[in-house]
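Since the structure comes first, as structure tokens, the remarks are kept for the end.
Derivation of every value follows stated rules applied to the coordinates shown; laboratory data play no part. Only a predicted model underlies this, so the values are computations on that prediction, with no experimental measurement involved. As a convention, Cβ positions derive from the backbone with ideal geometry for all residues, glycine included, and neighbour counts pool all protein chains shown.
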Ligand SMILES: [Zn+2]
């Protein structure tokens with residue numbers, strides 16, 4: 001069996017990342033909720049594919065690295081293992097922070113609840129409102145495309161609107 005090289009795997013991972021971005025943009029632009037769902041499913045699949053490929057790249061490079069690794073002294077090995085461990089930890093922390101952070105972006109400039117930008121319907125509480133709608137993201141995930149200020153405040157736990 002011929003194993004794929006890390007270069008090929010990297011290309012595949014980049015490709016999945018590109019597709020992810022493509023479908024993610026489509027989700028943002030989709031007007032019909034059912035289309036949004038279709039694109040959301042697609043981009044989530046690409047993300048899983050990308051993560052699996054990255055995992056595989058790491059395993060392949062570790063096995064190549066392992067052969068060189070056996071020639072080092074014990075202290076050198078420990079140092080490398082420790083710094084590798086730390087970098088993984090930091091990566092996980094950063095990823096976790098990014099994925100759990102709620103981000104609210106307003107359609108319009110004013111965050112006043114009395115502003116009048118026309119009529120909108122909240123995706124979460126279904127109420128009709130006139131101030132600037134907000135889009136809610138968590139990490140790369142789109143939670144809501146169009147919510148009212150009260151829901152945006154509630155979800156984010158901050159007084160973004162007042
Ligand atoms: Zn609402």
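When the alpha carbon coordinates of the chain are projected onto the principal axes, the ranges are 70, 35, 22 Å, largest first. Placing a pseudo-label 7 Å from each Cα along the Cα-to-Cβ vector at residue 93 and residue 54 gives an inter-label distance of 1.8 nm. Measuring how big region 6-100 is from its alpha-carbon positions, Rg and Dmax come out at 18.3, 61 Å. Projecting label points 7 angstrom from Cα along Cα→Cβ for residue 130 and residue 115 puts them 1.5 nm apart.
Placing R0 at 35 angstrom, the Cβ-Cβ distance between residue 100 and residue 37 gives a FRET efficiency of 0.90 after rounding to 0.05.
What's the FRET efficiency of residue 70 with residue 7 using the Cβ-Cβ distance as r and R₀ = 35 Å, to the nearest 0.05?
E(calc), rounded to 0.05, equals 0.90.
Sorting the Cα pairs of region 110-162 by distance into bins of 5 Å, from 0 upward, gives 5, 23, 33, 26, 10, 3, 0 percent per bin.
Estimated from helices alone, the mean residue ellipticity of the chain at 222 nm is -21000 deg cm²/dmol (sum of -39500 (n - 2.57) over DSSP H runs with n ≥ 4, per residue). Measuring r between the beta carbons of residue 107 and residue 17 and using R0 = 25 Å, the FRET efficiency lands at 0.35.
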